[in-house]
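Participant: Have a look at this one before I ask anything.
The values are calculated or read from the model by the stated rules, or taken from the named source; none is laboratory data. Computed from a prediction, not measured in an experiment: that's the story for all the values here. Here Cβ is always computed from backbone atoms with ideal geometry, including for glycine, and neighbour counts include all displayed protein chains. What goes into the accessible areas is simple: the full protein's heavy atoms, side chains included, and nothing from ligands, DNA or RNA. Shrake-Rupley method; radii C 1.70, N 1.55, O 1.52, S 1.80 Å.
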Amino acid sequence: MTLKATPLNSAHRAANAKMVDFGGWDMPVNYGSQIEEHNAVRSDAGMFDVSHMCVVDVKGANVRTFLRGLLANNVDKLQVPGKALYSCMLNPEGGVIDDLIVYFMSEEWFRIVVNAGTAEKDVAWMNGQNTATNSGVTITARRDGNDPIALIAVQGPNARAKVWQVLPTTQAPSEHLKPFNAVIVGDTAFGEAMVARTGYTGEDGFEIGVPASQAEALWNAFVAVGIKPAGLGARDTLRLEAGMNLYGQDMDDAVNPLDAGLAWTIDLVSERDFIGKAALQAKGQGAQFVGLILREKGGILRAHQKVVAASGLEGEITSGTFSPSMQQAIALARVPMDVAIGDTVHVIIRDKRLAASVVKLPFVRNGKVLAA
């Protein structure tokens, strides 16, 4: 199978990145030291190629009504242009088709950023619902021939200042942006840029969308001001420390989002109906999503390891790693409802029962360790 390549593929190879198959995409896992890349994001500024994710523009007179029924979070919260919302898109059984970010650009234009591995499935589902509801919206994946947009995420305490060095015309429109807001700036040296104050690391920063033809030049300009390229390895340890779900690992189309710590993204309060609502109301929450810190030596926490509560009931680790910021083995886990923060549970690692503490997420935010 030929792997898909982002517009930054040659830049990664020129930097001697270690490349891997990530959901059918040829992506950098690191550029030499995953730990250095992780620490650069926590202490200074690092950047990630997230162009494998897909920008989808949804336009039309009925776009808000269409998205009210499509998404589990309520787009009526989006009233100011540029405001963004994190949401799940569910199937009728309440499983997660994808988790995504939706931006309100105007009453006839919403922009959605979906995950790489689910993009084709997502767009097909959106098109099917558009037809089924006779909404008449146009759904355009900004990839391939459709004025493709490349995405670069710059994260870290110095990320915004370094972005403004390279993109000075974006400073005035973006410096007062609150988190989960975006602005489109037309007059940069790299064409029209969407600057969004969103991220996946627990640090401040921007996700920047530019024409794909300008991506490599922008990437190189960021390198020149000291922004460190970071690969999928650091992205995973950073997002796990930040307590952020990864689609396909912490949840998927067979997982109830209420059991995946995503209740805050599901609007069950308003009278608005949406796909999957009835199933969620019928099922309710059957598990809770927590952090674990391993307290005994003898293993690393990994996905699918069994977690045994004091009651004898069992749960499962969904994501695990060794935290560079904490120097401890940590994990995200779905555990029984009778488990409480502060409890000790046991993780089965190679037939050994090792003690772990249950902690509130996130582990790390804005460079500070919050869970101990």
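Participant: Could you list, in sequence order, all residues of segment 203-257 that are within 20 Å of Gln288 (Cβ to Cβ), polar (S, T, N, Q) and open to solvent by less than 40 Å² (accessible area, probe 1.4 Å)?
Facilitator: Restricting attention to segment 203-257, the residues satisfying the condition of being within 20 Å of Gln288 (Cβ to Cβ) are 239-247, 249-252, 254-257.
Subsequent filtering for residues that are polar (S, T, N, Q) retains 245, 249, 256.
The answer is Asn245, Asn256.
Participant: Looking at Asp204, is it among the acidic types (Asp, Glu), out of contact with any Pro (no Cβ under 9 Å at 6 or more places or on another chain) and modelled with pLDDT of 95 or more?
Facilitator: Answer is no for this residue.
Participant: Sticking with this structure for a sec: Inspect all residues belonging to segment 69-78 and state whether any of them is of a type in the set (Val, Ile, Thr), within 20 Å of Leu177 (Cα to Cα) and at pLDDT 95 or above. Outline the logic, then answer.
Facilitator: Filtering segment 69-78 down to residues of a type in the set (Val, Ile, Thr) leaves 75.
Applying the additional criterion that residues be within 20 Å of Leu177 (Cα to Cα) yields 75.
Subset that is at pLDDT 95 or above: 75.
Yes: segment 69-78 contains one or more residues that are of a type in the set (Val, Ile, Thr), within 20 Å of Leu177 (Cα to Cα) and at pLDDT 95 or above.
Participant: Restricting to segment 16-35, name every residue that is open to solvent by less than 60 Å² (accessible area, probe 1.4 Å) and aliphatic (A, V, I, L, M).
Facilitator: Ala17, Met19, Val20, Met27, Val29
Participant: Is it true that some residue in segment 45-54 is open to solvent by less than 40 Å² (accessible area, probe 1.4 Å), at pLDDT below 95 and within 22 Å of the chain's Cα centre (by Cα)?
Facilitator: Let us first name the residues in segment 45-54 that are open to solvent by less than 40 Å² (accessible area, probe 1.4 Å), namely 45-54.
Still in the running and at pLDDT below 95: none.
Checked segment 45-54: no residue is open to solvent by less than 40 Å² (accessible area, probe 1.4 Å), at pLDDT below 95 and within 22 Å of the chain's Cα centre (by Cα).
Participant: In addition: So if I check each of Asp267, Asp259, Asp273, which one is outside any loop (DSSP other than H, G, I, E, B) and either closer than 30 Å to Gln129 by Cβ or modelled with pLDDT under 95 (or both)?
Facilitator: Just a single option satisfies the conditions, and that option is Asp259.
Participant: Now a separate question. Of the residues that make up segment 78-91, is at least one surrounded by fewer than 16 Cβ atoms within 10 Å (Cβ to Cβ), out of contact with any helix residue (DSSP H, G or I) (no Cβ under 9 Å at 6 or more places or on another chain) and among the small types (Gly, Ala, Ser)?
Facilitator: no
Participant: For segment 317-350, which residues satisfy the criterion of being closer than 20 Å to Asp259 by Cα and of a type in the set (A, V, I, L, M)?
Facilitator: If the condition is that a residue be closer than 20 Å to Asp259 by Cα and of a type in the set (A, V, I, L, M), then Ile317, Ile330, Ala331, Leu332, Ala333, Val335, Met337, Val339, Ala340, Ile341, Val345, Val347 are the ones that fit.
Participant: Just to confirm my filter: which strands (runs of 3 or more DSSP E) fall fully inside segment 78-120 and include at least 1 residues that are under 15 Å from Ile184 (Cα atoms), of a type outside the set (S, T, N, Q) and more than 14 Å from the chain's Cα centre (by Cα)? Don't jump to the end; show me each part of the working.
Facilitator: Details: elements: 84-90, 96-106, 109-114.
Strands (runs of 3 or more DSSP E) meeting the threshold: 96-106, 109-114.
Participant: Follow-up question, since we're still on this one. Could you tell me which of the residues Thr188, Thr170, Thr198 is among the hydroxyl-bearing types (Ser, Thr, Tyr) and part of a loop (DSSP other than H, G, I, E, B)?
Facilitator: On the way: Thr188 fails: part of a loop (DSSP other than H, G, I, E, B); Thr170 fails: part of a loop (DSSP other than H, G, I, E, B).
The conditions single out Thr198.
Participant: Oh, and also: Would you please list the contacts, defined by Cβ atoms under 7 Å and residues six or more apart or on different chains, that run from a residue in segment 1-30 that is touching a residue at least 60 places away in the same chain (Cβ under 8 Å) to a residue that is basic (Lys, Arg)?
Facilitator: Gly24/Lys4; Trp25/Lys4; Pro28/Lys18; Val29/Lys18; Asn30/Lys18
Participant: If the requirement is being open to solvent by 40 Å² or more (accessible area, probe 1.4 Å), at pLDDT 95 or above and over 13 Å from Met47 (Cα atoms), which of these qualifies: Pro179, Pro157? Show your work before the answer.
Facilitator: Working: Pro157 fails: over 13 Å from Met47 (Cα atoms).
Criteria check complete, one pass: Pro179.
Participant: Tell me the residue from Ile139, Ile152, Ile112 that is surrounded by 15 or more Cβ atoms within 10 Å (Cβ to Cβ), in contact with a helix residue (DSSP H, G or I) (Cβ under 6 Å, 6 or more places away or on another chain) and modelled with pLDDT of 95 or more, please.
Facilitator: When all the criteria are applied, what remains is Ile139.
Here is a yes/no grid of residues against (1) closer than 27 Å to Val41 by Cβ; (2) surrounded by fewer than 18 Cβ atoms within 10 Å (Cβ to Cβ):
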residue	(1), (2)
Ala278	no, yes
Leu294	yes, no
Val307	no, no
Gly315	no, no
Gly320	yes, no
Ala333	yes, no
Val347	no, no
Lys368	yes, yes
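Participant: Applying the selection to segment 31-48, what residues are in contact (Cβ under 8 Å) with a residue 24 or more places away in the chain and farther than 14 Å from Leu238 by Cβ?
Facilitator: From segment 31-48, those in contact (Cβ under 8 Å) with a residue 24 or more places away in the chain are 31, 34-48; that's our starting set.
Hit for segment 31-48 is Tyr31, nothing else.
Participant: Might you check whether a residue that is more than 22 Å from Ile208 (Cβ to Cβ) and open to solvent by 60 Å² or more (accessible area, probe 1.4 Å) occurs anywhere in segment 6-15?
Facilitator: Just the residues of segment 6-15 that are more than 22 Å from Ile208 (Cβ to Cβ), to begin with: none.
No: zero hits.
Participant: Of Ala189, Ala193, which residue is hydrophobic (A, V, I, L, M, F, W, C), more than 15 Å from Val154 (Cβ to Cβ) and more than 13 Å from the chain's Cα centre (by Cα)?
Facilitator: Values: Ala193 fails: more than 15 Å from Val154 (Cβ to Cβ).
After ruling out the rest, the residue left standing is Ala189.
Participant: Specify which of the listed residues (Gly233, Gly243, Gly226, Gly209) is at pLDDT 95 or above and assigned to a strand (DSSP E or B). Walk me through how you get there before you give the answer.
Facilitator: Values: Gly233 fails: assigned to a strand (DSSP E or B); Gly243 fails: assigned to a strand (DSSP E or B); Gly226 fails: assigned to a strand (DSSP E or B).
The conditions single out Gly209.
Participant: When you go through (1) farther than 30 Å from Thr198 by Cα; (2) aliphatic (A, V, I, L, M); (3) in a strand (DSSP E or B) one by one for Ile317, which number turns out not to apply?
Facilitator: The failed condition is (1).
Participant: Let me ask you something else. What are the residues in segment 143-188 that are among the basic types (Lys, Arg) and more than 23 Å from Pro229 (Cβ to Cβ), if any?
Facilitator: Matches in segment 143-188: Lys178 only.
Participant: Further, regarding this structure: Which condition breaks for Met126 when tested against (1) surrounded by fewer than 19 Cβ atoms within 10 Å (Cβ to Cβ); (2) in a helix (DSSP H, G or I)?
Facilitator: (1)
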